[in-house]
1. Taking the options Ile231, Ile133, Ile144, Ile167, name whichever one is over 27 Å from Thr103 (Cβ atoms) and among the β-branched types (Val, Ile, Thr).
2. Could you tell me which numbered condition Leu177 fails, if it satisfies all but one of (1) part of a helix (DSSP H, G or I); (2) open to solvent by less than 40 Å² (accessible area, probe 1.4 Å)?
3. Considering each of Thr156, Thr148, Thr128 in turn, give the residue that is polar (S, T, N, Q) and more than 20 Å from the chain's Cα centre (by Cα).
4. Can you find a residue in the stretch 183-199 that is out of contact with any strand residue (DSSP E or B) (no Cβ under 7 Å at 6 or more places or on another chain), within 20 Å of Ile82 (Cα to Cα) and among the aromatic types (Phe, Trp, Tyr)?
5. Which pairs have Cβ atoms under 6 Å, sit 6 or more apart or on different chains, and link a residue in the stretch 169-182 that is among the basic types (Lys, Arg) to one that is crowded, with 20+ Cβ neighbours inside 10 Å and not in a loop (DSSP other than H, G, I, E, B)?
6. Suppose we filter Ser188, Ser165 for residues that are at pLDDT 95 or above, of a type in the set (Ser, Thr, Tyr) and either open to solvent by 60 Å² or more (accessible area, probe 1.4 Å) or not in a loop (DSSP other than H, G, I, E, B) (or both); which single one remains?
7. Name the pairs: first residue in the stretch 48-76 and under 14 Å from Ser35 (Cβ atoms), second residue modelled with pLDDT under 85 and part of a loop (DSSP other than H, G, I, E, B), Cβ to Cβ under 8 Å, at least 6 apart or on different chains?
8. Looking at the structure I just gave you, is Ala171 aliphatic (A, V, I, L, M) and modelled with pLDDT under 85?
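The values are calculated or read from the model by the stated rules, or taken from the named source; none is laboratory data. Keep in mind that what you see is a predicted model, and the values were worked out from it rather than measured. Heads up, the Cβs are rebuilt from the backbone with ideal geometry, glycines too, and the neighbour counts pull from every protein chain shown. Protein only, heavy atoms only, side chains kept; ligands, DNA and RNA dropped before computing areas. Shrake-Rupley method; radii C 1.70, N 1.55, O 1.52, S 1.80 Å.
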Amino acid sequence: MAGAHHRVCFFYWRDTGMAGTIRDLGNGKWELRISNGYDANKKQRRLTKRIKATSKRQAQKMLDEWKLLLANKPQDIADSKITFAQFVQIWDERHNSKLSDTTKIGDRQRLELRILPEFWGMKLKKITPERIIDFVKKIQQEGINQRTGGCISATTIHAHYKLISQILNKAVEWGYLAENPCYKIPKSERPRPEYHQHPIWNELELKHFLQLVDELKDTPMNIKHQLMFYISLLT
């Protein structure tokens with residue numbers, strides 16, 4: 001809604017003095033922020049991540065859980081030297097291994113073929129929005145598709161970008177990274193999947209189809225299919 005303002009809620013913890021904020025982004029999406037002390041230049045460090053929650057209470061609960069997770073983490077995440085490849089191993093064992101076989105196989109193929117060779121030894125905190133944009137541009141080039149020798153589809157490119165963002169989200173959630181650099185990429189520069197529109201029958205085509213359906217023999221199987229067709233048409 002034009003002119004609408006996001007609601008920001010503030011919460012404080014007595015045990016550590018950490019301040020946390022919850023920002024309502026609308027449509028069940030929320031942004032969580034907590035302070036993480038100050039750097040050498042006395043500039044406040046902030047950790048951010050985005051979540052989905054059905055209410056402010058649920059968002060607050062997730063903020064509390066995130067704060068406790070970070071409070072129990074031994075190292076200061078701002079000084080973390082973990083590389084992308086090292087974190088991917090943690091992510092694969094802790095998160096990806098619990099997903100469906102289809103998802104696991106697809107994720108691991110994208111990682112091994114293109115993502116890991118690009119970000120292997122890079123420290124998590126050194127991965128910038130510009131570095132991710134450069135990677136996207138690289139896999140958009142002609143000849144990147146090893147099977148056809150041409151380009152890979154927009155949907156496949158989006159799947160690579162989405163996987164990187166999901167991994168970095170977990171890095172933020174588990175306290176290895178201050179914020180997801182993907183969030184700093186302008187929406188206009190983020191890859192988008194390619195949606196295919198299926199043709200819609202016109203009146204004559206639909207009339208011909210229904211005529212063929214009506215002419216089917218009265219068998220139990222055909223009657224069941226006729227019913228399914230008519231329900232689909234009406235709903």
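1. After ruling out the rest, the residue left standing is Ile231.
2. Looking at each condition in turn, Leu177 falls short on (1).
3. Unique residue meeting the criteria: Thr148.
4. No: zero hits.
5. Note: pairs meeting the criteria are Lys170/Trp91.
6. Ser165
7. From residues that are under 14 Å from Ser35 (Cβ atoms), the pairs are Thr48/Ala178; Lys67/Trp13; Lys67/Thr16; Lys67/Met18; Leu70/Gly175; Ala71/Asp15; Ala71/Thr16; Ala71/Met18.
8. Criteria not met by Ala171.
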